[in-house]
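To start, the structure under review is shown below, and the notes come after it.
Every read-out reported here was derived from the displayed coordinates using simple, explicitly stated rules and does not represent laboratory data. Since the model is a prediction, treat every value here as computed from it, not as a measurement. Virtual Cβ from ideal backbone geometry, glycine too; neighbours counted across all protein chains shown.
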């Protein structure tokens with residue numbers, strides 16, 4: 001705390017390096033939120049509680065508090081501290097129009113929030129039917145699916161650099177054929193039964209916490225989990241994982257590696273799949289991201305995988 005024009009205000013989080021665990025209290029917002037919640041429960045009439053509450057609100061920006069972890073901590077703290085009464089609010093009637101179809105919305109003391117959904121790319125109109133001096137705020141969220149399929153995704157880097165290659169495993173101990181996915185939209189063809197070793201490389205420029213590396217598979221490919229007692233010999237990759245993950249998941253459609261802490265460095269991930277179902281399938285890009293900060297992310301190029309029938313030449 002510090003004094004400003006005779007009033008006590010929040011002066012910021014003061015700490016020595018490495019005194020705060022980045023796994024438990026990863027941000028200033030999370031730390032301040034937990035202190036505020038603790039004080040509210042132990043001393044709800046404390047003089048500094050409004051100061052901490054104001055500081056918590058001030059740390060927020062237009063898009064929240066920066067990460068999903070910080071957002072959750074701040075909202076949990078504020079939900080305990082702020083209990084607004086809507087008993088004095090006036091009722092409001094609104095009309096939402098999309099493509100000539102109207103939908104009535106009602107706001108009032110018992111319903112301060114109304115939601116509406118529309119599946120269209122056309123412009124809409126929101127009109128206030130009732131008069132009055134009450135303020136009505138509208139929030140619009142838009143989501144869409146890109147026209148191009150996932151095989152056309154180009155590699156991008158916003159904190160992580162991700163590259164992917166496929167290794168066609170040969171028989172009789174011959175060296176594998178390396179297929180680097182250096183551009184988006186390439187098509188790779190394998191016969192049914194072909195074993196492929198997937199190699200993903202992630203470059204992490206600084207120590208980060210709660211990191212996920214997710215490698216989606218083309219639908220015609222079956223993951224081979226070497227950790228199963230019934231796994232065949234060909235399930236074991238020739239390459240290794242640079243750093244043992246905190247948790248790994250071999251699923252039907254992806255293989256995912258999770259780290260509580262990932263130091264700066266370059267990391268390689270290897271696992272194998274088998275072509276099982278004939279057809280043409282999208283292979284989505286591999287991705288590395290911070291689980292609680294979606295702005296720190298990187299992905300490889302997408303591709304298409306064709307699984308040819310075993311009888312095909």
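So here's what we get for this one:
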item	result
In degrees, nearest ten, helix 68-81 long axis to first principal axis of the chain (Cα)	30 degrees
nm² value of the averaged projected area, convex hull over the Cα atoms of the stretch 150-308	8.8 nm²
Hydrodynamic radius by Kirkwood, which averages 1/r over all alpha carbon pairs of the stretch 2-81, in angstrom	13.2 Å
Between helix 28-42 and the chain: long-axis angle, C-alpha atoms, 0 to 90°, nearest 10	50 degrees
Spin-label model distance (nm) - residue 23 vs residue 135, 7 Å beyond Cα toward Cβ	4.4 nm
Principal axis dimensions, largest first and in whole angstrom, of the chain by Cα	80, 60, 34
Separation of the residue 76 and residue 157 label points, Cα + 7 Å toward Cβ, nm	3.6 nm
For the stretch 55-85 and the stretch 165-231, distance of Cα centres in Å	41 Å
Helix 49-59 axis, angle to the chain major axis (alpha carbon atoms, nearest 10°)	50 degrees
Estimated inter-spin distance, residue 310 and residue 172, nm [label 7 Å along Cα→Cβ]	2.0 nm
